[in-house]
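Enquirer: Attaching a single structure in structure tokens format; questions to follow.
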Amino acid sequence: LQMPSLYQRRQFPVALCIFQIMFILAFSLCAHFNEHALPDNKSKVYVNTDYPLFQDIHVMSLVGFGFLMAFLKRYGFAAVSMNLLLCAFVSQWAMLLRGFLSQEFRESWSFTISIEEIMIADLSCTPILISMGALIGRFTPMQFVVMGFIETAVCTAVEYLIITVMHCNDGGRSLVIHAFGAYFGLAVSRTARKVRMISKRGTIRVVGEDAFDDNSEDGIDHSELFSMIGTLFLWIFFPSFNAAVQEPEDARIRAVINTYLSMTSCTVITFMLTSLTDRQGRFNMIHIQSSTLAGGVAIGSVANAILQPWHSLLIGGIAAIISVFGHTHLQPRLRKSFLGVTDTCGVHNLHGLPGILSGVCSIIIVLVYDPSYYGDSLYQIYPYFAGGEKQGDRDKYDQALFQALAIIIVFVSATVAGLITGCILRCSCVNQMSDPTGAHAENADRAGFYYGLPQDVLWRSMEMQREIQMRYRDHESNEIY
Amino acid sequence: LQMPSLYQRRQFPVALCIFQIMFILAFSLCAHFNEHALPDNKSKVYVNTDYPLFQDIHVMSLVGFGFLMAFLKRYGFAAVSMNLLLCAFVSQWAMLLRGFLSQEFRESWSFTISIEEIMIADLSCTPILISMGALIGRFTPMQFVVMGFIETAVCTAVEYLIITVMHCNDGGRSLVIHAFGAYFGLAVSRTARKVRMISKRGTIRVVGEDAFDDNSEDGIDHSELFSMIGTLFLWIFFPSFNAAVQEPEDARIRAVINTYLSMTSCTVITFMLTSLTDRQGRFNMIHIQSSTLAGGVAIGSVANAILQPWHSLLIGGIAAIISVFGHTHLQPRLRKSFLGVTDTCGVHNLHGLPGILSGVCSIIIVLVYDPSYYGDSLYQIYPYFAGGEKQGDRDKYDQALFQALAIIIVFVSATVAGLITGCILRCSCVNQMSDPTGAHAENADRAGFYYGLPQDVLWRSMEMQREIQMRYRDHESNEIY
Amino acid sequence: LQMPSLYQRRQFPVALCIFQIMFILAFSLCAHFNEHALPDNKSKVYVNTDYPLFQDIHVMSLVGFGFLMAFLKRYGFAAVSMNLLLCAFVSQWAMLLRGFLSQEFRESWSFTISIEEIMIADLSCTPILISMGALIGRFTPMQFVVMGFIETAVCTAVEYLIITVMHCNDGGRSLVIHAFGAYFGLAVSRTARKVRMISKRGTIRVVGEDAFDDNSEDGIDHSELFSMIGTLFLWIFFPSFNAAVQEPEDARIRAVINTYLSMTSCTVITFMLTSLTDRQGRFNMIHIQSSTLAGGVAIGSVANAILQPWHSLLIGGIAAIISVFGHTHLQPRLRKSFLGVTDTCGVHNLHGLPGILSGVCSIIIVLVYDPSYYGDSLYQIYPYFAGGEKQGDRDKYDQALFQALAIIIVFVSATVAGLITGCILRCSCVNQMSDPTGAHAENADRAGFYYGLPQDVLWRSMEMQREIQMRYRDHESNEIY
């Protein structure tokens, strides 16, 4: 109930300021434009070559993820604005990290910035936004910024290892972005959990209950509609996400079509399952908001490699089954088991499980498809296959082994890094929510919520619990009969 | 008041499951990628050739139509999510149908899938979304899925007849998409109506009343703002819609510019008329949300053919007059007359009348413009004109006759198919709302609303009536004086 | 309390009708398509060359600016719909004005319309939307339309003078669009002010207060989330805005990258400062909604000229400092001082100050950068430098002088034109709000609000004051300590 100390109140702006000055210094020392952005360059590149794809991904990062997390009634604005801050913060840091890892930097101590670089930096924001989805409502801005700083570094290193060193095929980055972000977030959530109550009550939302709640005087809950804005923009631009860094152009076209097909199939199966898993055949909002997108995640790693349209439809359908199953059966058990992992937005079911599925698909596809289907394109999808420029010596069984190894590396590195990061974020030197659901919280008056935290982004225990209870109700007793 | 039967509760997911399995089987047998998406293709096609246009239409289908229908307070989430399901469901079915009708399928029993195909499949969702607009709030998900299945088949056949067989010019598809969707929906609404009360009370919304309602504690109604999200995205991307399937490139550029000009003029005239038709000069929300878009529909069929900018401005202005007239004078009479057609979102005034207007314009334009203006492009706009590759023998009077015939075919086929579909949807084997506004409804307790329907998408009679009454009030007594 | 007169009620639609008929006549006399939109043109231009950039700007104008102004609870719908009307109205007028000023018109009494023209017409809507931001809630639709008509004419003339006659570099149009729009709006606000009360109370909104307000039963205020939709779409597409009219292609690519970098840096510094300027380290919603965009405005004039990425980061950081400083220190003083300027949306801090900063940057850049860096591109950025096609004779000091002159011209012309326009709008022949906050307002019953104004767009004094008071509270006593 005491006022936060000066240290607590000013820690966040001072940290941001130091980070931003560091970024500006690093850019001034090492970054320069690539040739296409320099005057008098003869080989002109047309701005609309990559730019529309970049803008699609930009809409996904800012509007899509931002509004997807806006479903918590008292947390919508905080979700959208923290999302914006993390995008701006992480994309600068990711550009630097990728520059430091580049061939050019090792040779000349400097690296280039182009439209492709800022597109990839935008992709690099995604794992942090996914991790944020698992933690939102329980972390302070300070904690999110520190987490973003660490996670970007680890994630970039893992991506470098898997794509550049191991030459695995993860075209749409389902493993290194989606699965990594989800398991990192869950591991942080496990270590940093202080809030026992939420892990007992859960955050399952049931559509039907709300609609008949006598207190909801103003009809449908608008927070859910804001969340649908996020869902729809992610749904629409997912083909761009998976196609962004594909080469050559025919792989890019395949990635667009396969992702689209996978998502249509996934959406139909999700509506089927959400009705089937409800006792009275009703729709569950959270399935529609999240599982309909699982098809795009599940196809990611293989969107450039699939040559039969119906394979994409099939993968989309399986993704929906896994994702809805995760929501209805796995998430409550994760919360209750010895693991005790709380997952606010259910990122495990939208990004974690479908990401792993995508890795498994990449093993199956490399084993099932004859390499000769791909002709010379083969070496752009699997660069280390025998006979290519890189003078690799892999056959399809070797490649499958490497794809399997990639899944394990992503899972282990994300979990370990997440656990360590969680420990760092629990250090008393970092601003934290101070036991908002403890015994004190019940009696805490208004002043009690000021712990040096930006107030709006403080998780308000009592209202949130009430909200959760209202939404939760008898969902767990809903079995299929 | 009894619980729904197992059949009623599980009908919807089982039907979806069967449809999706059928789709996957059909794709596995017949669909393959076109050459641009296959490896080792030498004639590389750049992904951004059609893809940005596709994404614009994608935003219109999902965000535009979804949120346009979100104005019903207790129905917003259902509208947005049913819209998503129908898009995913119909686009697969449309790809198959178009494939079956293709030349390639007749020759080789298989057809190709490319970015152009998925763009056209997205266009094919539009008539179903329009029909849904006429029916929303009164149909179950099961009914919508069955309707989507039938309507897509009929609509694809009619489009094939008018464009491919009869060689009419309907570049922006105003006749075969907008007019067809609207009249199909109205015909279904006529047959399937069970709800007398709503046909008496109507759904006219008046802006001014709401703003001064003492009960609206939280200021402006947010549902209306969500609806404006839909309006704006439709407004923005309408040029892409009309330009999507145009050829050659100069026709595409004309379609963009003409549509844009038509919409600006239509918007100004709509604001003029909405103020003029109100006794105190106020704006009517429903006019702004719907009639501002009529200009895009009305220019559709001729957007590729108009060569004078001011002709587009004129057509936009006329579209606004027809659309606002439809809202203020025609819709109440349609409801009250022996026809008794209820039109929840007023699709007749946004898509029906302007679609017919577009057909009429296409007759006038072909008569007024000298064919020599078009040079060789003539045969891409009117392929059967004398002298072209197709060895057609039409002069401009013949072509005008065919354009007139197209209007009649669309109107008759949509109405007849809609009436038949309405009868099918009234069969007792299909889940229906069971008389929600009847005498029982007043006394129905909570359990009374479970009739084997997804609860959220159940039309809640009492609240909706109250809402309608609140909005309706003294609008009908507003005359111009 | 009397009914509005027929003149008052019908003034707005009659004026719109006259304007629209004038536009159609002018188009019919003077406008024709350019060669790329005409049939049988051999030098085909691909529709996606400029079209995706046009659509990005279109989204900014309609969704971005529309929703950014939707934060006033009782004014959201009016803001979004007036925004739509002004876009449609002004873009036609701007196309005509630019046509009349073109070389072609002087020679042949006619001008061309192409996709580039409608893109520039869309840019021309922006100053009017910015001015509207300063005035919203206090002006009638009639006043906005008249203002839009005058401002477009003045703004087009000023732009012609600065870009075409004086050959200044204002690539992203920060001076002639952003700064002009802001100072024009403020000058109109100064002249037209009738509402003393609002100038005393102000419109500062504090995030934290709302969240703990006992009356806000439904959690976070949704109006603020709608406003965030606007912010995010502006944030996302700002690179397109600054790149739209750049030439050659390398300048366009630079404009994209520099704008993106500037905005990321600006966003991080804004979050730092918003926390730092709050006593308890909380975030201020209005800073996040507006100052995060200042980086895009501040880089505008020099986005094509900057060759070092870190310069963009630096400018973005400075823009954030100026913008937040404007919100916290300048705006209250402007309101209270003898100037007495009310600025509803704080456009001075988002467009005015950063626009001037952009002009100052353009002076510094031209002095600091060696012209030889640009090679032949120099003459596309600074066309009158010695040695170019235009046979100019400027060195970098001359050019800096002209850039400085541009700032002064924009500031003076915007202020003078705004003051004169404000006087015109106070004429009794134009519909105005009739003293809604005067003594009568307190006792005014419902009928009292009908003064011949579209009711929804009437500024409702009492509710708005209460709203402002609720939001305002103890913000002014928040000092940094």
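The values are calculated or read from the model by the stated rules, or taken from the named source; none is laboratory data. A quick note: this is a predicted structure, and the numbers were derived from the prediction, not measured. A quick note on method: Cβ atoms are made from the backbone with ideal geometry, for glycine too, and the neighbour counts reach across all protein chains shown. The protein model used for the area step is the full one, side chains on, heavy atoms only, and it has no ligands, DNA or RNA in it. Shrake-Rupley method; radii C 1.70, N 1.55, O 1.52, S 1.80 Å.
Enquirer: How many nm separate the modelled label positions at B:Val416 and C:Leu29, each set 7 Å beyond the Cα in the direction of the Cβ?
Expert: About 5.2 nm separates the two model spin labels.
Enquirer: Taking the Cα centre of the stretch A:1-153 as the origin and placing charges on Cβ (Lys, Arg +1; Asp, Glu -1), which of A:Ser61, A:Met132, A:Val45 is farthest toward the positive end of the dipole?
Expert: The listed residue farthest towards the positive side: A:Met132.
Enquirer: Continuing with the same structure: For the stretch A:219-272, rounded, prolate or oblate, judged on the Cα gyration tensor with a ≥ b ≥ c (square roots of eigenvalues), a/c < 1.5 rounded, else prolate if a/b > b/c?
Expert: Taking the square roots of the gyration eigenvalues as a ≥ b ≥ c, the stretch A:219-272 is oblate.
Enquirer: Okay, next question. Using modelled amide H (1.01 Å from N, peptide plane; none on Pro or chain starts), what sits under 5 Å from the amide H of A:Gly392, excluding residues fewer than 5 places away?
Expert: Amide H to amide H, under 5 Å and 5 or more residues apart or across chains, A:Gly392 pairs with A:Gly387.
Enquirer: How shielded is B:240-252 by partner chains, expressed as the average number of their Cβ atoms within 10 Å of its Cβ atoms?
Expert: Other-chain Cβ atoms within 10 Å of each residue's Cβ, averaged: 3.
Enquirer: Which whole-Hz ³J(HN,Hα) couplings does the stretch A:303-309 yield from phi under the Karplus relation 6.51 cos²θ - 1.76 cosθ + 1.60, θ = phi - 60°, glycine and proline marked x?
Expert: 4, 8, 9, 6, 10, 10, x
Enquirer: Here is a follow-up. Could you order peptides C:240-252, C:378-390 by the average number of other Cβ atoms within 10 Å of their residues, highest first? Kindly include the intermediate steps, with their values, before the conclusion.
Expert: Details: C:240-252: 22.5, C:378-390: 16.9.
Ranking the peptides C:240-252, C:378-390 by packing returns C:240-252, C:378-390.
Enquirer: Taking amide hydrogens as modeled 1.01 Å from N in the peptide plane, which residues meet the under 5 Å criterion relative to B:Phe33, leaving out close sequence neighbours?
Expert: Here B:Ile113 satisfy the definition.
Enquirer: Using the Cα gyration tensor of the stretch C:343-392, with a ≥ b ≥ c the square roots of its eigenvalues, what is the shape: rounded (a/c below 1.5), prolate (a/b larger than b/c) or oblate (neither)?
Expert: Prolate is the answer for the stretch C:343-392, as a/c is 1.5 or above and a/b outweighs b/c.
Enquirer: Need one value for A:80-92: mean number of C-beta atoms belonging to other chains within 10 Å of its residues' C-beta atoms.
Expert: Other-chain Cβ atoms within 10 Å of each residue's Cβ, averaged: 6.
Enquirer: Whole-Hz Karplus ³J(HN,Hα) for the stretch C:291-298, in order, using 6.51 cos²θ - 1.76 cosθ + 1.60 and θ = phi - 60°, x for Gly and Pro?
Expert: Running phi through 6.51 cos²θ - 1.76 cosθ + 1.60 with θ = phi - 60° gives 5, 4, 8, 4, x, x, 5, 5 Hz.
Enquirer: For the stretch A:17-155, what is the accessible area per residue in Å² when the probe is 1.4 Å?
Expert: Per-residue accessible area for the stretch A:17-155 comes out at 25 Å².
Enquirer: While we're on this one: Given a cut-off of 13 Å, what percent of all Cα-Cα pairs of the stretch C:286-342 lie beyond it? Provide the component values of the computation, followed by the final result.
Expert: Details: 1016 of 1596 pairs.
Roughly 64 percent, once rounded to a whole number.
Enquirer: While we're looking at this one, here's another question. Running Debye on the stretch A:358-426 with equal point scatterers at the Cα sites and no solvent, what base-10 log of I(q)/I(0) appears at q = 0.11, 0.14, 0.27 Å⁻¹?
Expert: With no solvent term, the Cα-only Debye profile gives -0.38, -0.53, -1.16.
Enquirer: Using C-alpha positions alone, give me the convex hull volume of the stretch B:261-317 per residue in cubic angstrom.
Expert: Given the Cα convex hull of the stretch B:261-317, per-residue volume reads 57 Å³.
Enquirer: How much accessible area is lost when chains C and B come together, counting both sides, with a 1.4 Å probe, in Å² rounded to the nearest 100? Kindly include the intermediate steps, with their values, before the conclusion.
Expert: Numbers: alone 21150 and 21160 Å², together 35890 Å².
Buried area between the two chains comes out at roughly 6400 Å².
Enquirer: Let me ask another. Please state the shape class of the stretch B:249-400: rounded when a/c is under 1.5, otherwise prolate if a/b exceeds b/c and oblate if not, all from the C-alpha gyration tensor.
Expert: Prolate.
Enquirer: Ok, one more. Karplus couplings for the stretch B:409-418 from phi (6.51 cos²θ - 1.76 cosθ + 1.60, θ = phi - 60°), rounded to Hz, Gly and Pro as x?
Expert: 4, 4, 4, 5, 5, 5, 5, 5, 4, x
Enquirer: In square nanometres, what is one fourth of the surface area of the convex hull spanned by the alpha carbons of the stretch C:62-188?
Expert: Here the figure is 7.9 nm², rounded to one decimal.
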